[in-house]
1. Please work out if B:TYR194 is among the aromatic types (Phe, Trp, Tyr) and over 23 Å from C:VAL193 (Cα atoms).
2. Among the residues of segment B:269-285, is there at least one that is at positive phi, surrounded by fewer than 20 Cβ atoms within 10 Å (Cβ to Cβ) and either outside any helix (DSSP H, G or I) or more than 14 Å from chain A (Cβ to nearest Cβ) (or both)?
3. Quick check: anything in segment D:209-221 within 14 Å of chain C (Cβ to nearest Cβ), of a type in the set (Ser, Thr, Tyr) and touching a residue at least 12 places away in the same chain (Cβ under 8 Å)?
4. Can you confirm whether C:ASP256 is at pLDDT 95 or above and in contact with a Ser or Thr (Cβ under 6 Å, 6 or more places away or on another chain)?
5. For segment D:97-122, which positions are within 21 Å of D:ALA319 (Cβ to Cβ) and either in contact with a helix residue (DSSP H, G or I) (Cβ under 7 Å, 6 or more places away or on another chain) or outside the structural domain of D:ILE71 (by TED's automatic domain parsing) (or both)?
6. Filter segment B:128-163 down to the residues that are surrounded by 22 or more Cβ atoms within 10 Å (Cβ to Cβ) and among the hydrophobic types (A, V, I, L, M, F, W, C) and list them by number.
7. So if I check each of C:VAL92, C:VAL24, C:VAL108, C:VAL20, which one is part of a strand (DSSP E or B), closer than 29 Å to C:PHE179 by Cβ and not hydroxyl-bearing (Ser, Thr, Tyr)?
8. When the residues of segment B:110-142 are filtered to those that are over 15 Å from the mean Cα position of the chain (by Cα), in contact (Cβ under 8 Å) with a residue 60 or more places away in the chain and more than 14 Å from chain A (Cβ to nearest Cβ), which remaining residue is farthest from B:THR152 (Cα to Cα)?
Protein chains: 4
Amino acid sequence: MIKLGIIGAGRIGKVHGESVMRFVKGATVKAIADPFMNDAIKAWAAELGIPECYTDYKRILADPEIEAVLICSSTDTHSPISLEAIAAGKHVFCEKPVDHDVEKIKTVIEALKGSKLKYQVGFNRRFDHNFRAAERAVREGKIGELNTLSITSRDPGAPPVEYIKVSGGIFLDMTIHDFDMVRFISGDEVEEVYASGAVLVDPEIGKAGDIDTAIVNLKLKSGAIAVINNCRRASYGYDQRLEAFGSLGQVEVQNDTDSTAVLSDANGVTKEKPKYFFLERYMAAYTAEIESFVRAVEKDTAVEVGVIDGLEPVLIGLAATRSVKEDRPVKIAEIRAEYGL
Amino acid sequence: MIKLGIIGAGRIGKVHGESVMRFVKGATVKAIADPFMNDAIKAWAAELGIPECYTDYKRILADPEIEAVLICSSTDTHSPISLEAIAAGKHVFCEKPVDHDVEKIKTVIEALKGSKLKYQVGFNRRFDHNFRAAERAVREGKIGELNTLSITSRDPGAPPVEYIKVSGGIFLDMTIHDFDMVRFISGDEVEEVYASGAVLVDPEIGKAGDIDTAIVNLKLKSGAIAVINNCRRASYGYDQRLEAFGSLGQVEVQNDTDSTAVLSDANGVTKEKPKYFFLERYMAAYTAEIESFVRAVEKDTAVEVGVIDGLEPVLIGLAATRSVKEDRPVKIAEIRAEYGL
Amino acid sequence: MIKLGIIGAGRIGKVHGESVMRFVKGATVKAIADPFMNDAIKAWAAELGIPECYTDYKRILADPEIEAVLICSSTDTHSPISLEAIAAGKHVFCEKPVDHDVEKIKTVIEALKGSKLKYQVGFNRRFDHNFRAAERAVREGKIGELNTLSITSRDPGAPPVEYIKVSGGIFLDMTIHDFDMVRFISGDEVEEVYASGAVLVDPEIGKAGDIDTAIVNLKLKSGAIAVINNCRRASYGYDQRLEAFGSLGQVEVQNDTDSTAVLSDANGVTKEKPKYFFLERYMAAYTAEIESFVRAVEKDTAVEVGVIDGLEPVLIGLAATRSVKEDRPVKIAEIRAEYGL
Amino acid sequence: MIKLGIIGAGRIGKVHGESVMRFVKGATVKAIADPFMNDAIKAWAAELGIPECYTDYKRILADPEIEAVLICSSTDTHSPISLEAIAAGKHVFCEKPVDHDVEKIKTVIEALKGSKLKYQVGFNRRFDHNFRAAERAVREGKIGELNTLSITSRDPGAPPVEYIKVSGGIFLDMTIHDFDMVRFISGDEVEEVYASGAVLVDPEIGKAGDIDTAIVNLKLKSGAIAVINNCRRASYGYDQRLEAFGSLGQVEVQNDTDSTAVLSDANGVTKEKPKYFFLERYMAAYTAEIESFVRAVEKDTAVEVGVIDGLEPVLIGLAATRSVKEDRPVKIAEIRAEYGL
C-alpha cells in the first residue's frame, strides 16, 4: 500500500483525494496539508478515511512513511515545493503548470537528473476517454500520416478579471492544455507558432492586457500543421473537441453530454448541451491520471506525463504570446535559445 | 450512518457493496453473507472496509445494528429471505425479480401491510441517466400526451441454455425490465398484451421451450400503445434504446459508447459500438438506485420502486408468455383474476 | 422515344409529368387528360412541352402513338381505367392502390394474364434513396438473416375527416405503404397480422370509424417479425424511418432534412426537423420510379413493382383492419381464402 | 422568356445548360458555343432542346435575341470574353475566377462602371443548402456576434500535377472558394492573412512549386478570426464543413451523404461517407445560382455575387500565397496598394 500526501486542499486536491480513497487500488492518502486547514476540510478527510490533516505541508515531506506527494497548491508554489519534495526523496505528482517561469522549471529538471524519483505533471486531458481514443487511433495508424490536427477548446465562461491578471495570459493558462494535446495526439514536437488573438468576450480582459479569443497555428517537426481554436466563453458549455486528419482518414472526438436524449418537436430536433464544467467532463480522467501515477511508482515504470511534458507547452505558450504581440510567427527554437535549452 | 448487510456476494452483491462503500454518503456495509463465502470474497470485503463476512445470512438478520439488507442471492430465495428480513424488522432492497411466482410476491406484499419498513425492488434501469432523461421529458409534458412508446432491448449474447431452462422464459427474465420501463416512462398501467415470438438466435433455446426474439404490443389504460423489441443477441453489443412519441413531440434515447470517437476513412464514417455489457452500461445506475434506497431509509420517504412495481411486470410477463403460447391478446385482468388480485 | 399519356392532372399527375419531361431520357408525355381540364393545367403543360390536353382520357387510350399510360386519377377509377388501358394495348403505370377491393384487383390480374404489357404500381418509397440503401444492405447480407424489422411512419398532420371517411381506413390508406415496405425490405411474405389501434390525434377520426394511431405486428414466412408504428400526426414533421435487425447486425435509416445545420446555444444542440411533406421527402423517388417504368417498357424487362405487389398490401391491410376490430391476430390465408386466392 | 447563350460546353457549361432547360422558369438557352464543338455536344443540346450550336462564341455575342451569357470557357478567357460580352450589351454570369490577374479583373470592373448590366460570379457554394443555412443563422443573429469561423475544405483527390502547374496555386484554385465563404458567412472583409502550407499528399506537387495542405488564418475587420483547413486529398471523400462560433452560440454544417443509412455490426456503427465529388454535392447549388442570376436579369435587381465578390478572394489568395512564401502575416491592404485599389 503506497502512502500519499496531498499538498493543497482546494478543489483539485479534493478531487485527487477522492480518487485515491475510492478508486485507486494499492494506494491511500495518509495526510493532507493546507495553510487554510479548517473544520470543513477535516470533516471531508474524516469521511474519506484520510487520517492526518496539517496546516504545514512540511510535515508531509518529513513523514518517512509517505512515498509520494500530490502538489495541488497555488501555481506559484508548484516548483519550489517540487524541489523540496524531490530533496525529501518523494515521488511527485504536480498539478499543471510546473511553473510559468522556464528558469524555475529548469531547476526542477535539474533536481531530477540522476534521480530515480517519479515526477508526473497533471495534464489530465491525456487520460480523457475521448482524447485517448483519438490518440490511440493516430498511434495505431488508423489515419495514416498526420496532416492536420484541429483542436477546439472553449470554456463555458471567462474567469474573473482579477484571475486573468495573474494567470500568465490565455496561452499559459488555458491553451497550455491544448499545446499538450497537440504533442500528445501527434507524438511530435512544435517548431513554430503563429497566433491570432482578439478581445471579443469581455473588454475588461483586453484592459488587463490579455485576449479572450484565439486561433493558433502550429507547425510540427513532421511537417504536419495543428490549429487551436480557443474562446473563454461558449454559451452552450464546455466545448472540447478535436479532429486529426491524415493520409488515410480522420478521427474526431465530440463533447460528452449528460444523456443521449433527443427531443423532436415543432422547434427542431434537440439534444443536450455538452457537459458544462471541466470537473464533470474530466472526472474520470482525473482518477485515471492518479491511477497511472500510482502504478508508475508501484512498478517503477516511466510516468506517462513527465517533467519535459511540463516544460514544452510553456515554451509554446511563450512563443504564442510573443506571436500575438509582434504579429509574426515565432520559432520555438527562438524561445529555447533565450533559456539556453 | 446507516448500517447495511448484503445477502449474496455474487456479481451484483459486489456491485452494490462497492457502490455503498465508495459513493453513498451516510451508509456503510457492516456485513456480507454468502453460502459460498471464501478468501477471495473476504479479501474483496477487507479492501473495501466491510468488517464482517458470514456464511449464514441469518447472522445479518440477527444483528440489531443492521437497519437494512440488500438481497442479492439467487432468484428463488428473494421472496423467502424478504419475508425473514421483514420479520426481523429490516428495510429491504431486493434484486429483481421479487419472484416469478405471483403467490410468493403476494406473501411479501402481505407481510409489508401496515409496516413502516421500506421495500425497494432492483429495477436499476429506472436510475439510468438516459432513461431518466426520457422519463423526465415525458413527465414534464415535453412530448404532450403519450401516444406510442417503443423500446428496443437486446442483449449482446444469449445466456447458456441451462440458464434459460430455469429463467422463467424470456418475458420474466429479460423483458421484465422493459415491462417495468413501460410503466416507468408512461406513468401508466398495462391493460392488454400481445406478443409475437420466434427462435432465430439459437434452436437450442427453442428446444428448451423458450423463444429468443420477440415483439410485444402493450395497450395502456390511457389508450397509448407500447411496443417492445427484444432479442437475446445483437452482434454489435448491448442495445438499449427507447422512443416516446406524443402529441407534441418525441423523445428518444440512444446507447452509450466508450468514447465519442468517429473514424472517417475509405470504408465509411464509423463510431463506436454501444457499451457491450449491462454492468458497463448501468454502473452509475446501480449506484444511484442504492443511493435512492438509503435516502428513503434515512429520511423515511417513499422508495422510488416499491413492491407493487415488483409485482406488475411479473403479471405482464405471464400475460405475454400466454399470448405467445395461445397466439392471442391477453388482458392483464385475466391474469390478475387468477391470482385473486 | 416512348410516348406517354397521363390520366389525371392532380398533384401526383403533375409530379410525374415534370419527372418525365425534365429527367427521364427516352420518354416524353404526349398528352394529359383530366375531366376538370382548365387553363392552369394547359399553361403548365405548355411550359413543360406537353402538346395535348384532353378532358376525356379515352382520347389518350385511342392514340396509337402513345405506348404507355400513367394512371393518376382518383382511386376508385384506378382499376377500371387499368382494364381499359390493358384492353387498348397500353403499358400501365398505376398509382397506388390498384383498388381497395380485392375482386377488382383480381380482374386486373386476370386481364394481364398472358399479356406482355408492363403493369407497375406506384409504391414510390421503394425508390427512396434511404429505403433503397436499407434494402441493399439486407439483400447483400450485411445484417445476416433478418430477425426483426421496425418501421416508423408518421404523417405531419391528419387529412380532413371527409377524406378519412372514404379512405378505406388507415391501414389501406396510409399503412399500405409500410406493408409494401415490409415486403420490399424483407423480400418475404406476411403470414399473420396483429394490430393495436387508438384514437389519440382527433376524436372526429374515431367518430368516422377509423383510428389515427397504430402498432402493427406482422409475422413473416421466414419466422422474422415486423412491427409498424403509425400515427396520423407528428408535431415535428414527416417521420419515415426503419430499422432492420438481423443475425449479423442492424441497418437503420433516418429522416432527411433540408440542411445539416446544427445550432448549439444556451437552449441545447438543435438540428433541423425532418422534411415536412411527402413530396419534399420523396421527390427524387417519384422520378426514379417513372424512370424505372420507362426502362422496363423500353427494354422489355420486368417491372420493379408489379400487380401482385399491388395486391398483397391490400390483403395485409384487410387483415389488419379485421385484427383491430376483433382484437385478434389474423392470418393472411384467412383473407386470401375469402377471395379464392 | 430570357434567352441565354452558353460559352464553353465543358463539364460546367453542360451543368448550367441542364439547369436552365430543366429547372429555371422564364429562361431558355438559345445557343451554346465551343471551339471544340462536336456531335456529342450537339446531341446533348438537341435532347435538351437547345437550338443552336456554334464553334465561335462571337456568334452568341452577335445575336440580339440573346440577353445574357454564361461564360464557362477556360479560366484565361474569362476576363477577355467578359469584356466583349459587356461591350455587346449582354448580362454576364462568369464562372469563378474572373481572373487570377488582378489587373484584368480591374478592366472588367472598369467596363461595368455606369453600366446597368448584371455581372454575376460563379461562387456556387453560396447557394448550397447547408452553407446557406449557416449564413442565415449568422445573419439572423442566432449566434450573436461572430467570434471565430472555421472552414474545412478538402478535395477527394489531388488534380494532375500538370493542372496544378497552371492553376495559380492552391490558394487561387481551391481555397478561393473558402475565402469567398469567409466573406459570405461573416458579411465582413478580411484584413490580414497568415497561411501555413505543407506538401503532405504528393511530393510532385511540391516540385511544381505548390503546396497541398494548408491552414490559413484570417483576421476580419470586426476583430473576428477565421481559419481554413485545406487538403488536396481526403481518403473519405469531399469534405466541406464549417463552424461559425459567436457570442450566443455556434452553427455548424456537416457533409451530405447519399443516404442516411447506418450499419451497426461487430465492426462498429458505420454511416456513409460524404458525397464524393463536387458535382454531386453542389448540383442543386449550381441550379440555384443560375436561377438567382436569371431572376436578377428578369427583375433588374442586384446579383447575389457581384464582380467585387470576384475580386476580393483573389486579393486574399495573393496575400496567402505571399504569406506562405515569406512566412509572415500579410495585410490585404499591402496587396491592394500594389494594384492601386
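1. no
2. no
3. No, because not a single residue in segment D:209-221 is within 14 Å of chain C (Cβ to nearest Cβ), of a type in the set (Ser, Thr, Tyr) and touching a residue at least 12 places away in the same chain (Cβ under 8 Å).
4. Here the answer is no, as C:ASP256 does not meet what is asked.
5. Those that are within 21 Å of D:ALA319 (Cβ to Cβ) and either in contact with a helix residue (DSSP H, G or I) (Cβ under 7 Å, 6 or more places away or on another chain) or outside the structural domain of D:ILE71 (by TED's automatic domain parsing) (or both): D:PRO97, D:VAL98, D:ASP99, D:HIS100, D:VAL102, D:LYS104, D:ILE105, D:VAL108, D:ILE109, D:VAL121.
6. Selection gives B:PHE131, B:ALA134, B:ALA137, B:ILE143, B:LEU146, B:LEU149, B:ILE151.
7. C:VAL92
8. B:LYS116
The values are calculated or read from the model by the stated rules, or taken from the named source; none is laboratory data. What you see is a predicted model, and the numbers here were worked out from it, not measured in a lab. Positions of Cβ are backbone-derived with ideal geometry, glycine not excepted, and every protein chain shown enters the neighbour counts.
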